[in-house]
Every structure is written in structure tokens, then in C-alpha cells.
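Since every read-out is calculated from the coordinates, none of them should be taken as a lab result. On a predicted model such as this, the values are computed, not experimentally measured, just so you know. Here Cβ is always computed from backbone atoms with ideal geometry, including for glycine, and neighbour counts include all displayed protein chains.
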Amino acid sequence: MIESNRQYNLFNNNNLNFSAKNPLEDIYIDKKIIRDWQEKIIKHQSPIFKYGYKKINQPSLLESYSEELNEFFNPVQLTPLPLSFWRWPKAMHEGPAVYFVMDKLIDSNKNIILYIGETISADKRWKGAHDCKNYLSNYSDSLHKANMSTNLSIRFWLDVPIKTKERRKLEQKLIQAWLPPFNKEIREIWATPFTSQSN
């Protein structure tokens, strides 16, 4: 009974194989399903990486930021950090930020933005509990089981509004533009499979 309530039904097909011995911990997602899922996201995000927001008719992101973002902003240009950056003795980034969790697909050399978040404290946000950490763990495990590579990173954009309300508004506009699959507002669009596994 538990199997049918889990990620299996998100794909609406029978290509998932469950281990008979421990279905809760040993869920296997077929490589083709993962690739198809990634490709759908790449199809949406690639034009934004390449052309920015103006040429794909996205709404302006913030009145004061819109021109600058449309022409120049690309998360790929931000410094990639490992997801374990918060364990370093010295903080790389501090203060308010919008952050992007990304995967660079090694076989296609394409980037996927998996999650966009905002924080008042870039050096502390990732230290505690965070749903996205669980999803990333599930994502990495699923790719590993399917013999696929992952190259995860987190990138902080510090040139953002200091006021939380304005920063959250910017975060929401970025989420609506990029449609990152691990943000709760977006999961149903991509039928994101990695958000319902238990750790």
C-alpha cells in the first residue's frame, strides 16, 4: 500500500522498479525517466540561460532591477560552491542573498536550476534543516543508482534588496521565470519525483 502512495504515481507509468526487500529505502528510477525529466526542464531553462528574460517575453523581475537583469544577469556567472560550503571555517558569503542550487549535466554540459531561495544570512541559511537538502540527497541517490553523474553547486547572488519583502518578491519572480523543480510552487509542473522519498 505504501508503494502506491509514494513517488511511483508521479510518473503515471510503470517504469519504476521497487526493491521487494525495502521499498521505502531502495526506490529505483529508470535512467530514461530521469533523462526525460531533466530534458523537459532544460527545454524551458536553456533559452533563459542563453538569451535572458527579454527575448523570451518574461515579465520584468523588479522595476528597479528589470533592465539590469534582462540584459546581464545569469546565475551561471555566479561563483559555484559545493553544497557543503557551510562547513568551511570561513564564510564565503554573508548577508542577504538569493541563491540558486544547480546541477551541471556532464554528458550534455547543460545547467539546470533545481531550486531558488532567499535568505537574510547567506552564511547560515544552508546550515540547518532545509527541505531542499533532502530533495538533493534523493536526487543524487537516484542518479547514482541509475549510473548517472551529478555536479551539484550552490551560487549566491548578493546584489539583492536588503528588505526581506522586496527580496522575497524578487525570489518569487525568479522562481516564476526559471520554474525550478524543487521549489514547492513548481513541483507539480514537472512531476518532480525526488520530493516524496523519505531519507
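Net charge near L105, counting Lys/Arg +1 and Asp/Glu -1 over other residues with Cβ under 15 Å of its Cβ?
The answer is +3.
Just want the ordering: F73, F100, from fewest to most Cβ atoms lying within 10 Å of their own Cβ.
With the fewest neighbours first, F73, F100 line up as F73, F100.
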